[in-house]
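Following: one structure in structure tokens, then a few remarks.
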Amino acid sequence: MKLNRMAEEKLTNLYRQGKVVGGLYRSLGQEGCSVGSAYALDRGDIFTPLIRNLGAIFVRGGQPRAVFAQYMARAAGPTHGRDLNLHFGWLSEEGSMPAVISMLGDMVPVLTGAVIAERMKGRRTVALTWIGDGGTSTGAFHEGFNFACVQRAPLVVVVENNKWAYSTPTHKQTANPRFVDRARAYGCFGEPVDGNDVRAVYEVTRRAIERARAGAGPTLIEADTMRMRGHAEHDDMKYVPRPMLEEWAAKDPIDRYERWLVGSGVARPEELQAVTARIEAALQEDLAAAEASPFPDPRSGLAGVYADRPVRPPVPPLVAEWERRR
Ligand SMILES: Cc1ncc(C[n+]2csc(CCOP(=O)(O)OP(=O)(O)O)c2C)c(N)n1
Ligand SMILES: [Mg+2]
């Protein structure tokens, strides 16, 4: 969570310096949702983060250096400057991360298909993804999640109810802002969780993954949390009432976890400070390396954007005959 937050703080500085190409979408205050749930995945499981799930990428092995290079559109970034922010992925036996599609809701049918393919190969892979309160209103989310439930696909979806979809509050998004209630309608498991309690998020996701792996089908987890920045750094979020921000600042997931670690004797305050110092040193090194790395060679601009060798399907006979007659 600390790595997630501190990396984003560095990205905010880069954004203000005009070095980030495109937008910067923070997950301030929501780090527990990404990190707690991603920790519950096993080797080989697949996941797709949305824009506020940088923490999950780090949990699953993503490197801050690559993320900095990606945000600055450098050649060393995973898409070599072809795409921005978290629009990248990887395929690996350790656990693949299919790259996110921006159209909200679309990753639910995509991951459902991927994990059903895994099941057809006899593997016990589970898929995890996240969706915002706003994203649950899309047709793609409904169609994909309904299909996943009918097929009992081993899929876990965390609805991050952060109270806002850009400037739209949840009560203008849905007549029932208790998103977990939808689980009954879909006929799957539903669990509400305090999204700012990382241990609770881990526990609820671990249970959901265990059920999914055992063949019991999907779980819809509703994580109660709050978006503590604007939709992106260009958004001053003046539509968010100040008292709401103050209320949620007191429930900060990192502060809470640190209080628990110290209070229960798991860690001493100076150990936590040492962790912060270690992350800071590593991030500074990563940032320097990414900033020093070059932009992609303009002559390579067309490679890796379109299919490099487009496959032309054979012309159907009726079309061929029509063309001949003209
Ligand atoms: C189908 C679709 N419609 C609109 C958008 C533009 N858009 C991107 S993020 C966003 C708000 C999403 O809100 P929510 O799902 O609550 O996620 P949050 O930003 O709060 O994490 C919108 C409208 C999109 N990406 N896809
Ligand atoms: Mg939202």
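The values are calculated or read from the model by the stated rules, or taken from the named source; none is laboratory data. Because the structure is predicted, anything quoted here is derived from the model rather than measured. Backbone-built Cβ (ideal geometry, glycine too); neighbour counts: all protein chains shown. Areas reflect the complete protein model, heavy atoms only, side chains present, ligands, DNA and RNA absent. Shrake-Rupley method; radii C 1.70, N 1.55, O 1.52, S 1.80 Å.
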- All positions within segment 21-74 that are small (Gly, Ala, Ser), closer than 26 Å to residue 126 by Cβ, touching a Pro at 6+ places or on another chain (Cβ under 9 Å) and surrounded by 24 or more Cβ atoms within 10 Å (Cβ to Cβ): 32, 34, 36, 38, 55, 56
- Restricting attention to segment 167-190, report how many residues are surrounded by fewer than 19 Cβ atoms within 10 Å (Cβ to Cβ), closer than 16 Å to residue 223 by Cβ and in contact with a helix residue (DSSP H, G or I) (Cβ under 6 Å, 6 or more places away or on another chain). 1
- Of 169, 177, which residue is in contact (Cβ under 8 Å) with a residue 40 or more places away in the chain, closer than 26 Å to residue 250 by Cβ, of a type outside the set (Lys, Arg) and within 16 Å of ligand 1 (Cβ to nearest atom)? 177
- Item | Count of segment 102-142 residues which are near ligand 1 (Cβ under 9 Å from one of its atoms) and part of a loop (DSSP other than H, G, I, E, B) | 8
- Take the residues of segment 147-164 that are among the polar types (S, T, N, Q) and in contact with an Asp or Glu (Cβ under 7 Å, 6 or more places away or on another chain): which is nearest to ligand 1 (Cβ to nearest atom)? 162
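This table checks each residue for (1) crowded, with 24+ Cβ neighbours inside 10 Å; (2) within 13 Å of ligand 2 (Cβ to nearest atom).
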| site | (1), (2) |
| --- | --- |
| 101 | no, no |
| 110 | no, no |
| 128 | yes, no |
| 138 | no, yes |
| 144 | yes, no |
| 165 | no, yes |
- Check segment 260-272 and report whether any residue there is over 30 Å from residue 196 (Cα atoms) and open to solvent by less than 50 Å² (accessible area, probe 1.4 Å). no
- Selection within segment 167-191 - closer than 26 Å to residue 1 by Cα and more than 16 Å from ligand 2 (Cβ to nearest atom): 190, 191
- Note on the structure: residue 159: passes all of (1) within 16 Å of ligand 2 (Cβ to nearest atom); (2) touching a strand residue (DSSP E or B) at 6+ places or on another chain (Cβ under 7 Å); (3) open to solvent by 10 Å² or more (accessible area, probe 1.4 Å) but (3)
- Message: Let me confirm something: among 58, 88, which residue is aromatic (Phe, Trp, Tyr) and within 19 Å of residue 158 (Cβ to Cβ)?
- Response: 58
- Note on the structure: By residue number, the members of segment 212-241 that are of a type in the set (Phe, Trp, Tyr) and open to solvent by less than 10 Å² (accessible area, probe 1.4 Å) are none
- Residue, farthest from ligand 1 (Cβ to nearest atom), within segment 266-277, restricted to residues that are β-branched (Val, Ile, Thr) and either under 24 Å from residue 24 (Cα atoms) or part of a loop (DSSP other than H, G, I, E, B) (or both): 266
